[in-house]
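Novice: Before I ask anything, here is the structure I am working with.
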Amino acid sequence: MSKSRKVPPRKTLHTCNKGHQYHKSSDCPVCPKCEELRKPEEGFLAELVAPARRALENKGIISLIVLSQHTEQEILALHGIGKTTLPKLTTALRTAGLQFKKSLKPAVKKSAAKPFVHYHKDGSVWAKGQMAGDHMHGYWEWFRKDGIIMRSGSFNNGKQVGEWITYDKQGKVFKVTKMKSK
């Protein structure tokens with residue numbers, strides 16, 4: 001006599017577009033079987049849980065060099081990155097002789113910078129970041145109408161600083177530009 005696996009009643013049966021069936025208690029559309037097949041076998045992304053790996057991949061952060069172009073705060077702000085992920089990323093960077101980008105010391109008090117979002121005519125997010133008075137300040141992102149990231153970088157009191165990343169139409173890193181200090 002075979003044992004049948006009992007599924008708690010609060011879980012719902014889902015079927016992904018590849019035909020895998022799985023039970024989940026949330027509305028999360030990610031198929032665990034597909035996710036397991038996508039998981040890299042080696043490299044720093046292989047050490048991460050799926051939500052953290054997807055968060056980095058969605059930002060085009062698929063190498064340690066690209067990861068090193070971001071601050072710890074920028075990475076922690078990504079949906080899917082938890083505090084337990086940061087030590088794994090720090091260790092991977094150190095092993096490769098790299099580190100997170102240093103945070104810029106703001107010329108404006110942190111409390112003075114306010115979140116700001118600008119929208120396309122269709123209502124989708126065009127840009128988001130922070131404003132300090134009339135100046136862009138801190139980390140900013142620009143998006144295409146389909147929601148895919150187009151550009152990202154930081155401002156210090158209205159001036160572009162550090163490395164700026166341009167992304168292709170799929171949201172993958174296309175170009176990194178280092179802003180010159182004046």
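The values are calculated or read from the model by the stated rules, or taken from the named source; none is laboratory data. Worth saying up front: this structure is predicted, and the values here are computed from it rather than measured. Neighbour counts are summed over all protein chains in view; Cβ atoms, including those assigned to glycine, are modelled from backbone coordinates with ideal geometry. Ligands, DNA and RNA are excluded from the accessible area calculation, which covers all protein heavy atoms including side chains. Shrake-Rupley method; radii C 1.70, N 1.55, O 1.52, S 1.80 Å.
Novice: If the cut-off is 14 Å between C-alpha atoms, which aspartates and glutamates fall inside it for Lys114, apart from same-chain ones fewer than 8 positions away?
Specialist: Asp134
Novice: Note down the magnitude of the dipole of the chain about its Cα centre, charges +1 on Lys and Arg C-beta and -1 on Asp and Glu C-beta and zero elsewhere, to the nearest 20 debye.
Specialist: Details: 34 positive and 15 negative charges, 49 e Å.
With only Lys, Arg, Asp and Glu charged at Cβ, the dipole is about 240 debye.
Novice: Let me ask something additional. Taking all protein chains in place and a 1.4 Å probe, what share, in percent, of the accessible surface of the stretch 5-93 do carbon and sulfur account for? Don't skip to the answer; put the middle values down first.
Specialist: On the way: 3040 of 5660 Å².
Roughly 54 percent, rounded to a whole number.
Novice: Could you give each residue of the stretch 166-176 its phi-based ³J(HN,Hα) in whole Hz, using Karplus coefficients 6.51, -1.76, 1.60 with θ = phi - 60°, and x for Gly or Pro?
Specialist: 9, 10, 7, 5, 9, x, 8, 4, 9, 8, 10
Novice: Related question: Once you've got the GNM for the chain with C-alpha springs shorter than 10 Å, pick whichever of Pro87, Pro29, Pro115 has the biggest mean-square fluctuation.
Specialist: In this elastic network of the chain, the residue with the biggest mean-square fluctuation among Pro87, Pro29, Pro115 is Pro29.
Novice: Given springs between every Cα pair under 10 Å in a Gaussian network model of the chain, which of Lys121, Lys11, Lys159 has the largest fluctuation?
Specialist: Maximum fluctuation in the GNM of the chain, among the listed residues, is at Lys11.
Novice: What FRET efficiency, computed as 1/(1 + (r/R0)^6) with R0 = 22 Å and r the Cβ-Cβ distance, is obtained for Leu98 and Arg38, rounded to the nearest 0.05?
Specialist: Values: r = 25 Å, r/R0 = 1.13.
It comes to 0.35.
Novice: Per residue, how large is the accessible surface of the chain? Use a 1.4 angstrom probe and give square angstrom.
Specialist: Numbers: 12590 Å² over 182 residues.
Ligands and nucleic acids excluded, the figure is 69 Å² per residue.
Novice: Let me ask another. Among Ser68, Ser25, Ser124, which one shows the highest mean-square fluctuation when the chain is modelled as a Gaussian network with alpha-carbon springs under 10 Å?
Specialist: With Cα springs under 10 Å in the chain, the top fluctuation among Ser68, Ser25, Ser124 is at Ser25.
Novice: Taking the chain as the region of interest, what is the percent of Cα-Cα pairs per 10 angstrom bin, listed from the shortest bin to the one with the maximum distance?
Specialist: P(r) over the chain, rounded to whole percents: 8, 28, 33, 19, 9, 3, 1, 0.
Novice: Answer with one residue from Ala96, Tyr119, Ser63: the one whose Cα lies farthest towards the positive end of the charge dipole of the chain, charges on Cβ with Lys, Arg +1 and Asp, Glu -1.
Specialist: Comparing the listed Cα positions along the dipole, Tyr119 ranks first.
Novice: Under 12 Å from the Cβ of Lys39, count the other residues' Cβ atoms, weight Lys and Arg +1, Asp and Glu -1, and hand me the total. Don't jump to the answer; show the numbers that get you there.
Specialist: Values: positive: Lys33, Arg38, Arg53, Arg54; negative: Glu35, Glu36, Glu41, Glu42, Glu47, Glu57.
Charge balance in the 12 Å sphere: -2.
Novice: On to the next question. Per 0.36 nm of contour for each residue apart, how much would the distance between Lys88 and Leu76 grow if the chain were fully extended, relative to their Cα-Cα spacing?
Specialist: Numbers: separation 12, 0.36 × 12 = 4.32 nm, distance 1.26 nm.
Going from the current span to full extension adds 3.1 nm.
Novice: To the nearest 10 Å², what's Met136's accessible area with a 1.4 Å probe?
Specialist: Counting only protein heavy atoms, Met136 exposes about 60 Å² to solvent.
Novice: How far apart, in nanometres, would the label points at Gln160 and His135 be if each is projected 7 angstrom from Cα along the Cα-to-Cβ direction?
Specialist: Distance between label points: 1.7 nm.
Novice: Still on this structure, I have one more. With everything on Cα atoms, drop me the angle between helix 85-95 and the longest principal axis of the chain, reported from 0 to 90° to the nearest 10.
Specialist: Approximately 70 degrees, to the nearest 10.
Novice: Under 19 Å from the Cα of Lys175, which aspartates and glutamates turn up, not counting those fewer than eight places away in the same chain?
Specialist: Within reach: Glu57, Glu74, Glu141, Glu163.
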